[in-house]
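Let me begin by presenting the structure, written as structure tokens, before commenting on it.
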Amino acid sequence: MEIKMRIFRKTSIAGFILLILSLSCISCAASAKECWIGTWVSGQQLTEDRNLPPAPGLSNNTLREVVHMTLGGSKLRVQLSNAYGNSPVTIKAAHLAVSKGGSAIDPATDKALTFKGGTSITIPAKEAVYSDTLDFNVKPLSNLAVSIYFGETSADVTGHPGSRTTSYIQTGDAVTTADMNSAVTTDHWYILSGIDLRLDDSYACVVVLGDSIADGRGSTTNGNDRWPDNLARRLQANPNTAKIGVLNQGIGGNAVVSGGLGPTAMERFKHDVLGQSGARWAIILEGVNDIGGSGSTKAATDLIAAYEQFINEAHARDMLVYGVPILPIGGSMYDSNDHEAARQEVNKWIRTSGKFDAVIDMDAAVRDPANPTKLLPAYDTGDHLHLNVAGYQKMAEAIDLDLFKHEKAVSH
């Protein structure tokens, strides 16, 4: 593995001003002892019609969503997003509790969230809100349940279709219900967009920017065995990296420059990567949908330009950026001579340009040695594009944890 650590330049005055003005999180001065650090996030998009909440819907009903923490702590805040809504979303009540599996919670841990001191809030169209700070004991790698009782909601729903996690919709106000036995289920997240912990500045997190391979297509529903989940487990098991969280900003079908599902990576980079609380590193594995959706090798040129832009913007925030060569596409719906040539051009640049602070060669880890343009059959879901559980484990194992040596988190 190539590891080239970059000596940070001093942040420019313009970059410093951008940090201070960031709307995504509360500023934390260099001398501060505590900062907000992300422990969980999901990439947000306008939910497609086929993935909208099933009947009875969200309005005047309760949605319970289960999420998997990476870091632990004792103070948190929850972010709810209406970023893609065209009308307001009213939250009548929202509660947090430890998940006991399925729709069940531990009632002894149940606590109400507040917003500017009140238990309800209306989120304007195109905006997001944070809850007030809540005292709540979070264990690393644990599951929490967020229950939201809605008033009126937007027909345009902000959410994350590829949750690989079951959510529960119960009629009426059920935020404190111990087990939603009669709830309707759906494998999507809605409105809930992030959870931060208040921790000292020896903590930080890494943001994964990606598509369905980061989002976990081929992983186990409710299993939390996507490759970023496996990375989080490895970080927690290593005493030298146990203070590093993982934020998965994968969106299934996403593209970097144009096309695909959801906002492109270029459109969402500032918010989804640079705007994340305590983000110190970014891992970028995205671009296969640009190549697969293009009729020419121009996609390679466009991707390289986008990666350079990401690197420059991240370095201006004193973030390190690690590049991952695009994984094999041989035998998949994207397989063609032109597409393979574009993939090879992009991968050569990732490996040899010296622009990334390090290269994490997951391509080499999961390809078939006998046919390097294809995934190793043991890691292939069968569509020759997405990996199975064993493949996602192998991807996480390919990451050198020494890349996450850390002294102090970037302040946002």
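Readers should treat all values here as calculations from the given coordinates under stated rules, not as data from a laboratory. Note that this is a predicted model, so its numbers are computed, not measured. Here the Cβ is made from the backbone with ideal geometry for all residues, glycine too, and neighbour counts use every protein chain on show.
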| said: As a footprinting exposure proxy, order Asp179, Asp135, Asp106 by other Cβ within 10 Å, with the fewest listed first. | reply: Asp135, Asp106, Asp179
| said: How much of the DSSP bridge set in the chain is antiparallel, in percent, rounded to the nearest 5? | reply: 75 percent
| said: Using only the alpha-carbon atoms, how far is helix 337-352 inclined from the longest principal axis of the chain? Give it as 0 to 90 degrees, nearest 10. | reply: 90 degrees
| task | Would you list which aspartates and glutamates come within 13 Å of Lys116, measuring only between C-alpha atoms, while excluding same-chain residues fewer than 8 positions from it? | result | Asp132
| note | In whole Hz, the Karplus estimates of ³J(HN,Hα) for the range 176-181 (6.51, -1.76, 1.60; θ = phi - 60°; x where Gly or Pro) are 9, 5, 5, 8, 7, 5
| What number in nm² do you get for the chain if you take the convex hull of its Cα atoms and divide its surface by four? | 18.8 nm²
| Roughly how tilted is helix 298-316, in degrees to the nearest 10 and between 0 and 90, from the longest Cα axis of the chain? | 60 degrees
| said: Rounded to the nearest 20 debye, what is the charge dipole size of the range 46-194 about its Cα centre when +1 sits on each Lys and Arg Cβ and -1 on each Asp and Glu Cβ? | reply: 320 debye
| query | Which residue, Thr166, Thr109, Thr62, tops the fluctuation ranking in a GNM of the chain built on C-alpha contacts under 10 Å? | reply | Thr109
| said: Run the helix sum for the chain: -39,500 (n - 2.57) per DSSP H stretch of 4+ residues, divided by residue count, reported at 222 nm to the nearest 500 deg cm²/dmol. | reply: -5500 deg cm²/dmol
| query | Which ordering of Leu96, Leu401 is given by a fewest-first count of other beta-carbon atoms within 10 Å? | reply | Leu401, Leu96
| Of all the C-alpha pairs in the range 318-412, what % are more than 19 Å from each other? | 48 percent
| field | Longest to shortest principal axis, alpha-carbon extents of the range 118-265, angstrom | value | 45, 42, 31
| Stokes-Einstein translational diffusion, the range 225-318 - Kirkwood Rh over all Cα pairs, 0.890 mPa s, 25 °C, in µm²/s | 168 µm²/s
| message | Under 10 Å, Cα contacts only: if you run a Gaussian network model on the chain, which one of Asn347, Asn248, Asn137 comes out with the highest mean-square fluctuation? | response | Asn137
| note | Among Lys298/Lys355; Lys270/Lys298; Lys243/Lys348; Lys33/Lys405; Lys348/Lys405, the pairs whose Cα-Cα distance exceeds 30 Å are Lys243/Lys348
| task | Measure out, as a whole number of angstrom, how far apart the alpha-carbon centroids of the range 56-132 and the range 208-228 sit. | result | 23 Å
| task | Give, to the nearest whole percent, the P(r) tail of the range 46-194 beyond 28 angstrom, counting all Cα pairs. | result | 10 percent
| Normalised by the number of residues in the range 26-140, what is the relative contact order in percent for Cα pairs under 8 Å and 6+ residues apart? | 31 percent
| Which distance in nm do the two modelled labels at Asp156 and Thr220 give, with both placed 7 Å along the Cα-to-Cβ direction? | 3.9 nm
| query | Full extension from Ser87 to Ala125: what is 0.36 nm times the residue separation minus their Cα-Cα distance, to one decimal in nm? | reply | 13.2 nm
| remark: Between Lys100 and Thr301, Cβ-based FRET efficiency (R0 41 Å, step 0.05) works out to 0.20
| Thr373, Thr47 arranged by Cβ crowding within 10 Å, fewest neighbours leading | Thr373, Thr47
